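Heads up: the structure comes next, in structure tokens.
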Amino acid sequence: MSEVKAYAAHKADQPLGPFKLDRREPGADDVEIKILYSGVCHSDIHTARNEWGGTMYPVVPGHEIVGKVTRVGSSVSKFKVGDTVGVGCFVDSCGHCNNCKDHQEQYCENGHTQTYNSYSQDRKTISYGGYSSHIVVTQGFVLSVSDKLPLANVAPLLCAGITTYSPLKHWGVKKGHKVAVVGLGGLGHMAVKIASSMGAEVTMLSRSPEKEKDATALGAHHFALTTEKANMKALANTFDFIIDTVSAQHDYNEYLALLRTNGVMVLLGVPPTPSEVSAVNLIFGRRSLVGSLVGGIKETQEMLDYCAEHNISADIELIKMDQINEAFERTLTGDVHYRFVIDMESI
Ligand code: NAP
Ligand code: ZN
């Protein structure tokens, strides 16, 4: 065991602060990583504040990790000391259920191990995330990261990137499709970049008028303010796909009405409270309302390679570890452009 520096939340209503954490000695299949950058996802806030329930305190958030390999176990063949690597939202899974065998570890039927606030496969040890100086992860859940793009900007791809890439790929978004992205935050800005890179005509649906210029710069072809009812009415029956990244409760019915016949609305945002959906909005137009959880390891590697090839990374604001509480507050007010990333040297 080695003791590493971390930042933890000890209670739902308390700010995060310094914490010491024991990481396991790398086993035969393990990779030890010195963390360089850690992105700040809204899920970190939901969890630190116990908004979904089930937070095990102290919790060390962080699942958008980029770093360098410092040690490898005797059976590790994929990585060597000094390699640039990434770790995303989960660090282990059963490995033998149908979904794991199908490279869909995020849907492991026996319960995958999330990067933080989750039980390891021994069902005893609790996982701690990327707001820490080092992490030890079994090699099958470590990603190769190209040095082509700035690494701080690559970190958010490990969650915001794969979470938006996976449904766009799954539903075959391509040229000729009209895609709406709801909410211009961490996930939303990656959805705009990736959907437009796939050739789709992208409309940004936002409640924030000041984000219009940025949406265009990110690749959106159109922008509509969701607070203007006339805009929403004018967009009825328009989109093939809607990617909904909003973190707080909102009326799904308003957005379902914007789908064309056979259109698909993909929920990515996880508001803590449930919402009502009218059957009428699904039946008329044979529309689908679906959800999607991050992406499997193989697909995450594919996404990282795709982004390196297409020169896609996140727009970020680099912060020091002790600015995390301010970053949480700013994220909650929508004042994030478009992902906070922690420089882990500052821990
Ligand atoms: P974020 O950076 O805070 O962005 C969320 C955006 O939603 C905001 O920028 C804002 O955009 C909009 N929004 C926020 N509150 C709103 C409200 N009350 N009413 C209307 N719009 C609101 O968050 P994020 O990191 O992208 O995460 C978004 C959500 O996805 C979170 O719930 C997170 O837990 C979830 N998530 C899911 C997965 C998955 O696998 N499905 C993975 C990662 C994260 P505008 O100002 O443009 O309206
Ligand atoms: Zn995330």
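The values are calculated or read from the model by the stated rules, or taken from the named source; none is laboratory data. These figures come from a predicted structure and were not determined experimentally. Neighbour counts run over all protein chains shown; Cβ positions are idealised from the backbone, glycine included. Heavy atoms of the whole protein, side chains included, go into the accessibility calculation; ligands, DNA and RNA do not. Shrake-Rupley method; radii C 1.70, N 1.55, O 1.52, S 1.80 Å.
Quick rundown of the values:
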{"read-out": "Residue in the range 171-188 that is part of a helix (DSSP H, G or I), under 23 Å from ILE65 (Cα atoms) and out of contact with any Gly (no Cβ under 8 Å at 6 or more places or on another chain) present", "value": "yes"}
{"read-out": "Breaking point among (1) within 16 Å of ligand 1 (Cβ to nearest atom); (2) over 18 Å from TYR165 (Cβ atoms); (3) more than 18 Å from the chain's Cα centre (by Cα); (4) crowded, with 21+ Cβ neighbours inside 10 Å, for VAL246", "value": "(3)"}
{"read-out": "Filter result (over 22 Å from LEU184 (Cβ atoms) and either within 13 Å of ligand 2 (Cβ to nearest atom) or crowded, with 24+ Cβ neighbours inside 10 Å (or both)) within the range 39-58", "value": "THR47, ALA48, TRP52"}
{"read-out": "Condition check for THR47: within 16 Å of ligand 1 (Cβ to nearest atom), touching a strand residue (DSSP E or B) at 6+ places or on another chain (Cβ under 9 Å) and outside any loop (DSSP other than H, G, I, E, B)", "value": "yes"}
{"read-out": "Test for GLY82: is it more than 16 Å from ligand 2 (Cβ to nearest atom) and buried (at least 21 other Cβ atoms within 10 Å of the Cβ)", "value": "no"}
{"read-out": "Tally of residues being in contact with a His (Cβ under 7 Å, 6 or more places away or on another chain) and hydrophobic (A, V, I, L, M, F, W, C) across the range 22-61", "value": "4"}
{"read-out": "Residue match in the range 148-161 (condition: farther than 17 Å from GLY269 by Cβ, open to solvent by 40 Å² or more (accessible area, probe 1.4 Å), of a type outside the set (Ser, Thr, Tyr) and not in a helix (DSSP H, G or I))", "value": "yes"}
{"read-out": "Matching entry among THR227, THR238 (being closer than 23 Å to HIS337 by Cβ and not basic (Lys, Arg))", "value": "THR227"}
